[in-house]
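The values are calculated or read from the model by the stated rules, or taken from the named source; none is laboratory data. This is a predicted model, so every value here is computed, not measured. Neighbour counts are summed over all protein chains in view; Cβ atoms, including those assigned to glycine, are modelled from backbone coordinates with ideal geometry. What goes into the accessible areas is simple: the full protein's heavy atoms, side chains included, and nothing from ligands, DNA or RNA. Shrake-Rupley method; radii C 1.70, N 1.55, O 1.52, S 1.80 Å.
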Amino acid sequence: FGTTIAPARLGPGAACGRPKTCGGEGGDGVRGGRGDDEGASSSAVLELLASDIETIGLEMFDGKDSAFELQIFHSIRDFLEYLDSVCEEGAHDSDIVNCEVSECLDDLYMDSHITVVHVLVAMVYLHRLCENGLVLTQQALPGLVLVAVMEASKFLDDNSPRLNFWAAAGATTPADLLLLEFHFLSALSFRLAVSPRDLASLLLDLFDFARRPSLAPHAQSPLARRFHPSSSRPSRS
């Protein structure tokens, strides 16, 4: 994986680490809109990547100094900034979390407790919310990202930071964050398990997004369509 998929999609210098586990069921697979040959090839790559993640484990992404992890993190950050630029303003949404989505993510990632694994799993959670009918808005996005990373940390780690850490990261109160967490988990139907195939599918779409050179191609990417089906309309920025 570290010498085949990653450099081809994200550029040179990618590296990977070592093993941990992640359980769960399901996975999104590769969506339609491709030719038969390309779709079959993409499905084969998806299965190979899922197999690598299952065999090696989540520690293949570990290490803050890993070029591979940093490229994944910055690709996620770029995508969330893009997503924020195409989301509508929510007329009835409140700013429970008082920071920009990129600032919130940067603050979390600077902490030693948070790795790109937590952020990847959080992205799977956000996608599930969209699948369940949630429409992302500018006001709601930072809070959803914060809670998604928090839930990923709680699910994967026995020593996840306490609530005050997460509230401080979002410039909010513990009480407001608990309320947001309740609504988040309810909308997610408390489905927190993530399979290797879930991560592989997300990574392939993320790599595709990172290769696209500008806003218009970004809007047509499978990743954009996952989170914002109407993202093909022009951005406000």
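Return the residues of the stretch 174-191 that are among the small types (Gly, Ala, Ser), within 20 Å of the chain's Cα centre (by Cα) and loosely packed, with under 13 Cβ neighbours inside 10 Å; say none if nothing qualifies. So that I can check it myself, show each step before the final result.
At the first step, the residues of the stretch 174-191 found to be among the small types (Gly, Ala, Ser) are 175, 186-187, 189.
Remaining after also requiring within 20 Å of the chain's Cα centre (by Cα): 186-187, 189.
Scanning the stretch 174-191 gives Ser186, Ser189.
So which of Ala148, Ala171 is out of contact with any Pro (no Cβ under 7 Å at 6 or more places or on another chain), open to solvent by 20 Å² or more (accessible area, probe 1.4 Å) and among the aliphatic types (A, V, I, L, M)? Lay out the reasoning, then the answer.
Numbers: Ala148 fails: open to solvent by 20 Å² or more (accessible area, probe 1.4 Å).
The match here is Ala171.
Go through Ala200, Ala210, Ala216 for me and flag whichever is of a type in the set (A, V, I, L, M, F, W, C), modelled with pLDDT under 90 and exposed (fewer than 13 other Cβ atoms within 10 Å of the Cβ).
Working: Ala200 fails: exposed (fewer than 13 other Cβ atoms within 10 Å of the Cβ); Ala210 fails: exposed (fewer than 13 other Cβ atoms within 10 Å of the Cβ).
Only one candidate passes the filter, namely Ala216.
Only residues that are touching a Gly at 6+ places or on another chain (Cβ under 9 Å) and in a helix (DSSP H, G or I): list them for the stretch 177-205, please. Spell out how you get there, then give the answer.
So the first thing to find is which residues in the stretch 177-205 are touching a Gly at 6+ places or on another chain (Cβ under 9 Å), and the list is 177, 180, 184, 187, 191-201.
Passing the criteria: Leu177, Leu180, Phe184, Ala187, Pro196, Arg197, Asp198, Leu199, Ala200, Ser201.
Would you be able to say whether some residue in the stretch 106-113 is in a loop (DSSP other than H, G, I, E, B), modelled with pLDDT under 85 and within 18 Å of Ala187 (Cβ to Cβ)? Please lay out each step first, then the result.
We begin by selecting, within the stretch 106-113, every residue in a loop (DSSP other than H, G, I, E, B); these are 111-113.
Going one step further and asking which of them are modelled with pLDDT under 85, we end up with 111-113.
Narrowing further to those that are within 18 Å of Ala187 (Cβ to Cβ): none.
Looking through the stretch 106-113, none of the residues is in a loop (DSSP other than H, G, I, E, B), modelled with pLDDT under 85 and within 18 Å of Ala187 (Cβ to Cβ).
Looking only at the stretch 100-116, which residues are within 19 Å of Glu69 (Cα to Cα) and free of Cβ contacts under 8 Å to residues at least 60 places away in the same chain? Even if it seems obvious, please write down each step before you answer.
Going residue by residue through the stretch 100-116, those that are within 19 Å of Glu69 (Cα to Cα) are 102-116.
Across the stretch 100-116, the qualifying residues are Ser102, Glu103, Leu105, Asp106, Tyr109, Met110, Asp111, Ser112, His113, Ile114, Thr115, Val116.
Name the single residue that is nearest to the chain's Cα centre (by Cα) among those in the stretch 153-168 being closer than 15 Å to Val117 by Cα and open to solvent by less than 60 Å² (accessible area, probe 1.4 Å).
Restricting to residues being closer than 15 Å to Val117 by Cα and open to solvent by less than 60 Å² (accessible area, probe 1.4 Å), the top hit is Ser153.
For the structure I just gave you, tell me whether Glu131 is open to solvent by 30 Å² or more (accessible area, probe 1.4 Å), within 15 Å of the chain's Cα centre (by Cα) and without any contact (Cβ under 8 Å) to a residue 40 or more places away in the chain. Reasoning before the result, please.
Working: open to solvent by 30 Å² or more (accessible area, probe 1.4 Å): yes; within 15 Å of the chain's Cα centre (by Cα): yes; without any contact (Cβ under 8 Å) to a residue 40 or more places away in the chain: yes.
Criteria met by Glu131.
Would you call Glu88 open to solvent by 20 Å² or more (accessible area, probe 1.4 Å) and modelled with pLDDT of 85 or more? Talk me through it step by step, then tell me what you get.
Working: open to solvent by 20 Å² or more (accessible area, probe 1.4 Å): yes; modelled with pLDDT of 85 or more: no.
In short, no.
Can you pull out the residues in the stretch 60-84 that are open to solvent by less than 20 Å² (accessible area, probe 1.4 Å) and modelled with pLDDT of 85 or more?
Selection gives Ile72, Phe73, Ser75, Ile76, Phe79, Leu80, Tyr82, Leu83.
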